[in-house]
1. Report relative contact order for the chain in percent, whole number only (criteria: Cα-Cα under 8 Å, sequence separation at least 6).
2. With the contact rule set at Cα under 8 Å and sequence spacing of 6 or more, what percent relative contact order holds for region 210-303?
3. Can you pull the Rg over Rh of the chain, Cα-only, Kirkwood?
4. What is the magnitude of the charge dipole of region 210-303 about its Cα centre, with +1 placed on the Cβ of each Lys and Arg, -1 on the Cβ of each Asp and Glu, and no other charges, expressed in debye to the nearest 20?
5. Which angle from 0 to 90°, rounded to the nearest 10, does the C-alpha axis of helix 318-330 make with the longest principal axis of the chain?
6. Using +1 at the C-beta of Lys and Arg and -1 at the C-beta of Asp and Glu, which of 279, 291, 245 has the Cα lying farthest in the positive direction of the dipole of region 210-303?
7. Taking θ = phi - 60°, what integer Hz values does the Karplus form 6.51 cos²θ - 1.76 cosθ + 1.60 yield along region 150-167, in sequence order, with x for Gly and Pro?
8. Does anyone have the angle between helix 420-441 and the longest principal axis of the chain? Alpha-carbon axes, 0 to 90°, nearest 10?
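Values quoted throughout were computed directly from the atomic coordinates according to the rules given, and no laboratory measurement underlies them. Here the structure is a predicted model, which is why all the values come from computation and not from measurement. As a convention, Cβ positions derive from the backbone with ideal geometry for all residues, glycine included, and neighbour counts pool all protein chains shown.
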Amino acid sequence: MSDWSDAERHIERAHELFEARRWSEAESELRRALSIDPSRADWHFNLGVTLEAAGKPDQAVAAFRAASELDPDNAQAQMALGLNYLRLDQPKRAVEALSLAQSLAPTKPDPLVSLIEAHARCGDHEQAELAFYMAMQLDHVDEALAYCNLGSSLQARGQLERAIWCLREAAQIDSELPRVHQQLAQAYVTTGRQDRARQLYLRELRNNPGDVDTLLDLGCLLLDMNRLAEAGEKFRRVLELESDNSDAHFYLGELALKHRRLPEAISAFRLAIRLDPDHPGARRRAAHVSLQMGRLDDAKALIRQEARRFDPFGDINEQNAIELADLMLETDQAGLLLTVFERVVERTPNDAQLLHRLGLACFREGRTVEGIGVSRRAFRIEPTLFSAAYNLALAYTQQKRWRRAECWLRKASRISEDDSSLRRLSARIAAEQFWIRVRKRIPKKLLSRGARR
């Protein structure tokens, strides 16, 4: 009886501390109560809510999972579990939990509204749209959040005008909905309406002045708009809020690069790497600046580091991959390019730009036959790829296969007839062809006499 009373006192104290927003102390009281009686599903649920409020979604998941196991019919616990899986960027698990919550409470719209986001983040956009229409048929649905989540799904699919319509509907229903103006601004950026996007970012910041993501997005937009002083102000504001924000340091490096302040730029990029060793792009930019400063060894070291962390089996960003391949070629590391990108090309066989760079690396490594094959594949995919046609003409010239060289020379000329390197190669082939014809006309007896002399 005494233990039960002690547990109840801990629960009452936890409730008071929660109301006072003293999350850590409330958590301690709840854990003491659970140590006395771990079979109470509602106490596990309260612990999950407290951990969620304290910004500990990984621990909140464990608490909500325990509550669900003790009370399998608790739709609220499944709903909370799904939301925290979303916070942890585990959308597949979120779909499982939210689907179970929806089956336990089919008249409740909240699980379906969150399922829109969960399905979209899994890339299953048809299911996301289905969840939206199902939710809109129920009473008391949060229409603003439903439209907002569907807008994000449409945006990810590239259906930007539909996405903009949904996001505008969401903002009109609830202008205070967190991040709705930011998402709408991102859609406007993609469609090239930069000034409208800037206004929406500023509106979002009026509602949430300390929103770091919005500050970063606005700073990047201002950077693209060449409003460099304003961009710098936004990035420095982020550092006032989060001094260890690697993205802010990275973009300050980009800003310094625009002003041609190379030492400042490379310092910012290196700081971004120290703060986040997996930062996307910081090593490539630092390598680029090192090359501009004539520090070839530094650039090579950075590119090798980037190559080690490059995952050829993961999701490949084409622009980042091409930038890395170009840096490898620029620093005479064609062998490294072949090692890193051969697997990538197997997975993306229709990427003409990567194929072209792989072909160039083969030529530089002396693998001419292989380089010709890869370059021909690149040109078949993208028949306007001048550099691939030129490289093929050059390769066949070096092999003294003049007819093939002339054929690729004509193809390259149709793409860019005024290119100076093309004119030089054309003159070289013409000269070789001329001397071949001359030799054929000279009697063999004179040729042999000439050889003896």
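1. Details: 571 pairs, mean separation 19.8, N = 453.
Here the relative contact order equals 4 percent.
2. On the way: 108 pairs, mean separation 17.2, N = 94.
Over region 210-303, the number comes to 18 percent.
3. Working: Rg = 31.0 Å, Rh = 27.2 Å.
Rounded to two decimals, Rg over Rh is 1.14.
4. Numbers: 14 positive and 16 negative charges, 121 e Å.
Here the size comes out at about 580 debye.
5. It is inclined by approximately 40 degrees.
6. My answer, from the dipole projection, is 291.
7. Each residue's phi maps through the Karplus curve to give 5, x, 5, 5, 5, 5, 5, 7, x, 8, 5, 5, 5, 4, 4, 4, 5, 5 Hz.
8. Rounded to the nearest ten degrees, it is 30.
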